[in-house]
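Here the structure comes first, spelled out in structure tokens, and everything after it is commentary.
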Amino acid sequence: MVKTVADQIAHDYAGRQVHMICVLNGALFFAADLMRALPLDCTYSCVQLRSYEGMTSSGRVEEVIPLTTDIRDKDVIVIEDIVDTGTTMHFYKQKLLALAPRSLKVAAMLFKPSQLQYPDAKPDYYGCEIPNKFVIGYGLDMDGLARNLPHIYAVTQSTDE
Ligand code: 5GP
């Protein structure tokens, strides 16, 4: 997935400098690997957006760590772990566009197309489309745990009560 996204970005931005915005906490591992796979001049900053509680979307988006970098006239790529309903990226893109970047794209590791509620939040680049399953590992958590698993797993609900 890292190579898939890195190759597309390297092709589209050849000869340009990009500013990456890593959305903490989930995109940490993907962003670190993606940026190291990019043969481009690249700067980055990190933000934290909270939009999820437990295993169901709350539909609420909160900016916990805000962007402090000036992105005016920069080619900006937001790196997200997963686009599910698109609520987070829909909200965050509006906020970033108000800061007048030269261009703005979203690169997500995973994309759940069946869940998308905001068409403008469809990632411009993504590693893999997945069905509507809750996934953990490689940055993705379940109530704060499992982010450090080196692989990605789909969580199956236990039928035991
Ligand atoms: P959206 O706003 O697109 O509905 O959700 C985006 C955020 O919800 C993601 O950045 C991620 O933090 C969380 N999320 C969505 N789907 C999953 C999932 O399957 N597993 C985990 N761990 N988080 C998810």
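Values quoted throughout were computed directly from the atomic coordinates according to the rules given, and no laboratory measurement underlies them. Keep in mind the model is a prediction, meaning the values are calculated, not measured. Backbone-built Cβ (ideal geometry, glycine too); neighbour counts: all protein chains shown.
Things to note:
- Note on L97 and D143: with the Förster distance fixed at 35 Å, the Cβ-Cβ geometry gives a FRET efficiency of about 0.60.
- Loop-resident trypsin sites (Lys or Arg not before Pro) (DSSP state other than H, G, I, E or B) in the stretch 65-161 with no more than 14 further Cβ atoms inside 10 Å of their Cβ: R72, R102, K133.
- Chain lengthening between T43 and D124 when straightened (0.36 nm per residue, less Cα-Cα): 27.2 nm
- Relative contact order of the stretch 90-135, defined on C-alpha pairs under 8 angstrom at six or more residues apart (%): 39
- The convex hull around the C-alpha trace of the stretch 67-122, projected and averaged over every direction, spans 3.6 square nanometres.
- Value of [θ]222 nm, deg cm²/dmol, for the chain, DSSP H segments ≥ 4, -39500 (n - 2.57) each, nearest 500: -5500 deg cm²/dmol
- Kirkwood analysis of the Cα pair distances in the chain returns a hydrodynamic radius of 16.0 Å.
- Coupling constants for the stretch 28-33 follow from the phi torsions by the Karplus curve (6.51 cos²θ - 1.76 cosθ + 1.60, θ = phi - 60°), and in residue order they are 3, 6, 4, 5, 5, 6 Hz; glycine and proline get x.
- Dipole of the chain, positive direction: furthest Cα of V47, G15, G26, with charges on the beta-carbon: G15
- As a length-normalised measure over Cα pairs under 8 Å and 6 or more apart, the relative contact order of the chain settles at 21 percent.
- Evaluated with a Cβ-only charge set (Lys, Arg +1; Asp, Glu -1), the chain carries a dipole of roughly 420 debye about its Cα centre, given to the nearest 20.
- Rel. contact order, % - alpha carbon contacts under 8 angstrom, at least six apart, the stretch 65-126: 42
- Cβ-based charge dipole, the stretch 76-161, positive-most Cα from L97, Y153, Q117: L97
- Degrees, to the nearest 10: 2-12 long Cα axis against longest axis of the chain: 30
- Cβ-based exposure ranking for Y13, Y118, in which fewest neighbours within 10 Å come first: Y118, Y13
- Candidates I136, I65, I82, ranked by Gaussian network fluctuation over the chain, Cα under 10 Å, top entry: I65
- Tilt relative to the chain, helix 87-97 - C-alpha long axis, 0 to 90 degrees, to 10: 10
- Taking C46, C128, C22 and counting other C-beta atoms within 10 Å, the order from fewest to most: C128, C46, C22
- Ordered by the count of other Cβ atoms within 10 Å of each Cβ, fewest first, K122, K112, K3 give K3, K122, K112.
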